[in-house]
Structure formats: structure tokens, C-alpha cells
1. From Asp293, Asp262, Asp297, Asp280, which residue is surrounded by fewer than 14 Cβ atoms within 10 Å (Cβ to Cβ) and either of a type in the set (Asp, Glu) or in contact with a strand residue (DSSP E or B) (Cβ under 7 Å, 6 or more places away or on another chain) (or both)?
2. Could you run through the stretch 139-179 and say how many residues are surrounded by fewer than 18 Cβ atoms within 10 Å (Cβ to Cβ), within 30 Å of Ile59 (Cα to Cα) and in contact with a Lys or Arg (Cβ under 9 Å, 6 or more places away or on another chain)?
3. Could you tell me which residue of the stretch 700-722 is farthest from Lys131 (Cα to Cα), considering only residues that are among the aliphatic types (A, V, I, L, M) and in contact (Cβ under 8 Å) with a residue 40 or more places away in the chain?
4. Name the strands (runs of 3 or more DSSP E) wholly inside the stretch 178-265 in which the number of residues that are modelled with pLDDT of 95 or more and over 30 Å from Thr87 (Cα atoms) is 2 or more.
5. Mind checking which pairs have a first residue in the stretch 614-638 that is closer than 23 Å to Gly554 by Cα and a second that is open to solvent by 10 Å² or more (accessible area, probe 1.4 Å) and among the charged types (D, E, K, R), Cβ under 6 Å, 6 or more apart or different chains?
6. Filter the stretch 557-599 down to residues that are over 17 Å from Met533 (Cβ atoms) and outside any helix (DSSP H, G or I) and give me whichever is farthest from the chain's Cα centre (by Cα).
7. Which residues, taken from the stretch 652-705, are open to solvent by less than 30 Å² (accessible area, probe 1.4 Å) and charged (D, E, K, R)?
8. Which ones in the stretch 435-462 are farther than 24 Å from Leu180 by Cβ and either in contact (Cβ under 8 Å) with a residue 24 or more places away in the chain or under 46 Å from the mean Cα position of the chain (by Cα) (or both)?
Amino acid sequence: MIATNYNPKESEKKWYDYWMKHKLFHSEVDETKESYCMVIPPPNVTGILHMGHMLNNTIQDVLVRHARLLGKNACWVPGTDHASIATEAKVVAKLKSEGINKTDLTREEFLKHAWEWTEKHGGIILEQLKKLGASCDWERTAFTMDEIRSQSVIRVFIDLYNKGYIYKGVRMVNWDPAALTAISDEEVIYREEKSKLYYVKYKIVDEENYITVATTRPETIFGDTAICVNPDDPRFAPYKGKRCLVPLINREIPIIEDTYVDMTFGTGALKITPAHDINDYEIGYKHNLPSIDIFNDNGTLNANAGMFIGQDRFEVREKIVPELEKTGNLLKVEDYINKVGCSERTNAVIEPKLSMQWFLKMDQLTKPALDAVMNDEIMLIPAKFKNTYKHWMENIKDWCISRQLWWGHQIPAYYLPDGNDFVVAESIEEAVKAVKEKFGKDFKPEELRQDEDCLDTWFSSWLWPISVFDGIIHPDNAEINYYYPTQDLVSAPDILFFWIARMIIAGYEYRHEKPFSNVYLTGIVRDKLRRKMSKSLGNSPDPLELIEKYGADGVRTGMLLCSPAGGDLLFDESLPEQGRNFTTKIWNAFRLVKSWKVAEIEQPLHSRLALEWFKNHLNKTLETFNNQFEQYRISEVLMTVYTEFRDEFSSWLLEIIKPAYGQPIDAKTYGQVIELFEQLLQLLHPFTPFITEEIWQQLRERKEGESIMITRMPSVSNYDEQLLSDFENIKGIIVASRNIRKQNNIPFKDCVTLKVKNNPRYPAKYEAVVTKMANVGEIEIVETAVAGAWSFIIDTVEYFMLTSEGECGVNNEAVRKKLEDELHYTKGFLKSVTAKLGNEKFVSNAPEKVIAGERKKQADAEAKIAAIEAQLKSMN
């Protein structure tokens, strides 16, 4: 017995376990088959599934399942990212709750706690992805800090250092006072905030005059080392070469000139704080100014400030105002809107800070990666992101790759005990040898000191497509040669630079070719108010609860129905509900087909005709399906197969061939319907893997280990456009006759007569379908209009409907009104088509097939207008 309702919970567990048992997701090198490979964007190891993951991984699963159905050797590599900042923050918080401070631990003790945390909480998200149906090759699960990936990172660091790309130096960096580490420019998020503009007066030395500057950060005045004005600004000519006093601490600083200063901003005078502003740093460097760092790493003021020592920078901003007022150094305060840089990881306001860090020179490395995208060797989908990519790559800065953290890949630099001299090496043993070779000195391993910093997390994940196949340590192994380059990458556009661009750079540097061919950039999942879904806003549903409520297939379908590449997904629960309703439709169609008794009887004409039509229709749909897949129009692909199943298969084909109540269906029709059902399930499988497997397994007897996911997708055969057009007209006849029945309360069980005005465009071949679906007892060809009958026009052919007794009780005024409305609409349609064909630019640029289609629309509209006018004339 087939259950009345589909049970997703039971089906999902059953079939996922079955796929895993038979290793249907696993791939091995097979030179006889074309490979299809994709690497998962590794989520944070301690992360949990959110709506963005759901969308991204559903799209990935659709692509990989589709590849399997095409007969490719599909390999989807999963894994997780160690996420230095996020994971270390969680471990520090956990230790703090236990009364332990990180500073009280050695590095080794802290890392022991970090690994325990990772082993306890890590990998949860990968288990959650299984609930979604993700068909990853779980035997290949990688981690950015496992042995192979760690060795790869260290090897690459040393290689780039030896090539002269990696260097160490004091530079202005983005300092995160919460995470206590430097971060890259790409990890800074700029937010518009309501701030204040403080007009601060600096007294001129030995004068009673003042020079006023406008600043959003009065707490930094203690680090000022100059006031700068534009040499072309006549307002400040009297101050040229003079000195002024920093308010509150009365330290003398020079007044300098530089064309960098914007004369229209604020007062036209600029305070220069080289240690705490990147632009000030550049001016300070140019004018040989000293730098005074007034901040501790945690954002509190240090002894260099001279005041407010140990207090937080934002507290000082509030407290300094009354002090400046007391001394007469504050002219006024204005409201001001400005953009404030915040840490992408901790949300802390970034503090520009001079710091000794490790950097990777990017200018020479980027050229192959830029050319690859601009020449479409690597396709960005949608292409609108090419310009964004180009702008970033052409304006790239050196990458700050060091982080003041312990959780991560420790920088393989080893310092001599008597100074700042160092060597880079893969191990302490290698370092000892390198010191001997470079400096001619002998040291024991314990005498060398390894750099305390670790590498930026992205410095490991930029190697991901290579390192998951051990292509750094063993660059000529069978797997890297077979699976690389991968085919597709699915990612969010917000890491186009963090990750995607850097992977492309690494690909050309270490494999001399692209890491992937296509980059599908998803949109952002937002709520109905267009807000990005987040925990803090409380507007993000729990993905696992959605799966529990609507089933994995329902959630997948709902999300993909309205999420074009690069377009944001406005999510609400009506979407997975729509998806669940569709799975119900699939299940009900299955129950209907399996409820029929099969007999060796003659195939009815209407069934033969309907099957002939549907096979042609499915071939045309399959052609569209393939074209849309090739163009990565995933949402449209789903809608194509969704409507094919719901409308053409369920609502038309099954209804046409359905036997009368209590009667059997002929074996020939039944066998063909089962085949067509299987083909539709194959088209649906990438989107709805669980229900399609459930039904496919029950449509016929299957062997253990067989699965729909490893069958072959049907190939496109020829289809007859005229046949499809004729059948659309047949459907139009059926719908029109049913509407007349409904409007006039004629029961469907009552037979009607249909008279057709002689017209070569009448598709007489399919009368058997009309007879069944419209319950027509007799169809007669007539030469003139039938007075007093219900009428309608389909494709210029006039139809007249009567009850079997010849009665109808037609409301002539209602018919006239309907015909006049239809005439008005058709004339408007003809006008628009004629205008398009009269557009010389359209006619000269459009393909001939498109122009021919428009001309056919024009001729059809003209013929329909003539038929309607003739009908109206006959009613006079």
C-alpha cells in the first residue's frame, strides 16, 4: 500500500543512509570518465547552519547531482575552516567563564584547549548539511589545519618568502582591539554612523591667535605631531612656518603645508596624527614627522597620551569635551554622518595602528588572475561582478598576512637568540640548518625562537582547490592531475576578494592554470523588509526547523524558485510551503498512476495522441532545461521542470489518459507513462533528491545499490513544433468549453455538441482528446456561424457549442460584450507587434527566427480580428 501522504522525515533518513551505505557520493580517479569537481566553501569549523549556507549548498548539490546524471565522475569535496579569529574568541570566552585568562596559559596549553573545543564542536555544520541532502564525498572531508593542509600552508609561505614576495615591516594596519590582532583591508566593513564633528582650537606659539581644526576623533589629539594646511589657501598664509600647541598637554607641533588638504572640509586645517590614521601616516612620512602611538592594543590610552591613561578611547571621547571647554579649546560641536570601519569578525571599530607585520606583495601576483576573469577564461555569474573584481584587482594593496593569535598556522620564521635576525623553515630542525648556512652560527633547537604570530585564515583557504588534493606537497599526484582545475565554485559575492580572487591568484602561481571555470555568485538571503538575515536581528529562521516542518525537498525547492544568480532572496515561510505543496503534487501523481489496474487491452486513440504530444513537449522542455543549466539559470531550470510536471504532466497528460472509474488502463499506455514519469523524476532529482529517489525506487522493481542519482539523464530528441502548436489549440478548446459549462451551470456529465466553422487551422487530428476532456458527443464541421450557440475563437478558428438537445439559452449581449473586449485586446496586441516590426533597429539586429515569430503573431492577430468582426457582424 502506498501511503496517502509523503513522509519526508522517514524518506530522508532512509535514502541518505542508503546513499552513504553504497558510497554513491564517493569518487575515485577514473581516466575513462570525464571528471566534474567542486570544492565546498569551507564553513567555520565551529559554525552552525544558517540560511546563507542553505542556499549556497543547495545550489552546489543541484550542480553536482546534475553532473552525476550526465554520467560524469562527480566529486564534491567538503571541509571546514579553522577560522582563527572566530574560534579563538570562542575559546577565550569559554576559558574566561571557567576563570582562566589566556594570558595565564602558555601557547601549548591554550592550543590544547582550542583543539578540545574544535573536536567537541567542530563538524556539526557538516552533519547538518547531510539533513539538507548534500551529496558530498564525505571520505574526502578536509580541515584547513589538518596535516596535509598545514604542511601546504607552510610550504607556500616559505616558497613566497624565498621568491621575495613575503616581507616583514612596520606599516599602518587595521587593528581590531577586540580580537587583539591586525586584519586585512578586505575584513573591514564600513558602516554609516551618526557622529560628531568637533572644532578644536590650537593656540599659536607666542601669539594669542588660534588655528582651528575639525575632527571626529578628539581623543587622538594627544598623538598629533603637526597641523597641515593647503599652501594655496590664503586663510592660513599668516601661519606659514609657525608652531602651535596641542590642547590640554601644550606640546609644540609645526604647522606644515601640503596640497593633500581639502580646503572645503571643516576649517581647511587638518590635524596630523601619523600613528592613528593611514592618510596622516602618509603625510607624516612625507614630511618626516614623528609618530606617537597613544593606544594600547585593547583600545585604551597608554602613557604616551599623558592624560586618561588606561581609559577606553570612546570613554575618553566623551570625557575630553568638558576638558577642552574648560581651557577654551573647543569652538563648537556639530552633528556629522560619516563611515566608520568595523571588524568583519568582531564588529569592533577598527583602530589604524603602526605595527610590525608580515605582508605579501600582490602587484605582480594579480595579473594572471585579473586577465583570466576579464578574458572569460573564468566566468563570473552574473557577469556584473566583473567590473567590481577588476576595480579591486587593479587597486590591490599588499596583503597583511600575520595575525596576533595563537589558533592558526604559526609563522615559520625562527629568530636567533641575540637579535632580530631570522630564517624561515618548515621545522625547527630545518631552521637550525638554515641558521648555520645563512649566519655561520650553531644553535640548539631550544635556543631559536619561533615567531609568535599566526597566518591569516585566508592564507590557508586560498589554497583550498589545490590543497584538498595534496597538490602543494605532491604537485604531480594522480588526483590533482585528474580533478584540477575544478569546474564550478558557488559562493557569496561578499567573499569575492577575501577568497575567490586569492584562490585564482594561488591557482596560477602554483598550478599555472585556473582553479575553476565558473564562479556562481549567490544573492544574500533577506527577510521581507530586505534586511539581511542575522541572529542579532532575530529575523533568521532555524534551517533545521524548516526542514523538520516542510521537508528538505520542500525547503530546497522554495529557496531556489526565486533566487537568481546574484539576486537577493527575499525569504518568508510561504516559499518552503510552496515547495512542500509541490512535493505533495508529485506524490499524488505517483499515487494516481500506481492506483490504476493494468490490462492487455487496446490503447485508446486519445491516449496515443496525448503520449505523442507529451513526448514532443518533454523533448522541447529538456532542450530548454539543458540550455538554462548551461547558462547557470538555476532558478529558471527549476521553474521549467516544475511547470512541466505540475501543468503538462499532472494536469494534462495524466488527466487525458486516466481510465474511467473502475476501469483498467491499457498496458502500452501505462508502460509509456512509467517511462515518462522516470524521465521527469530525473529532471527533478537535482532539486528534490529524496522524493524522487523514493518514487523512482517504487515505480519498478529495483536491485540493491541502484539509485536514480546514477542513472543517465534523458537526451534531447527531435520534436514537432506544429504538433505542439496544434495541441496548445486543443487545450484552448477544452478550457474554453469548460469555462462555458461553468458560466452556464452545465454539468460535466452532460454531453455537448461542438460545431467548428471550416478552417484549415482546425487541428482535427486531436478530436479524440477534445471528445474525452470536454465530454463532447459530436463534432461537426460547418460553413457558417451557428446562431444562438455559445461561441469562442481559438487561433482564428470559430467554435460553437450546444447542449445535446440543441438548446443553450445564450445571452447575446454577454457574448457581444465578450467579443468586443477580445477584439479591443487583439487590436492592441496587433498594434504593439506591428510597431516592433516597424522598428528598423529591431529588424536589423534580431535573429531571423525571432522576426519570423513576430510576423506569425501579426498574421494570427489579423486573422483573429477578421474572425471576431465577422462574428459580431453576424449578430446584427
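The values are calculated or read from the model by the stated rules, or taken from the named source; none is laboratory data. Given the structure is predicted, the values throughout are model-derived calculations rather than measurements. Counting neighbours? That spans all protein chains shown, and the Cβs are built from the backbone with ideal geometry, glycine included. For the accessible areas, the whole protein counts, side chains as well, though only heavy atoms, and no ligand, DNA or RNA atoms are used. Shrake-Rupley method; radii C 1.70, N 1.55, O 1.52, S 1.80 Å.
1. Only one candidate passes the filter, namely Asp262.
2. Here the count works out to 1.
3. Only one residue fits best here, namely Val716.
4. 188-204, 210-215, 226-229, 243-245, 252-257
5. Listed pairs, sorted by first residue: Gln628/Glu636.
6. For the stretch 557-599, the residue satisfying everything is Ala599.
7. Result: Asp666, Glu678, Glu693, Glu694.
8. Lys441, Phe443, Glu447, Leu448
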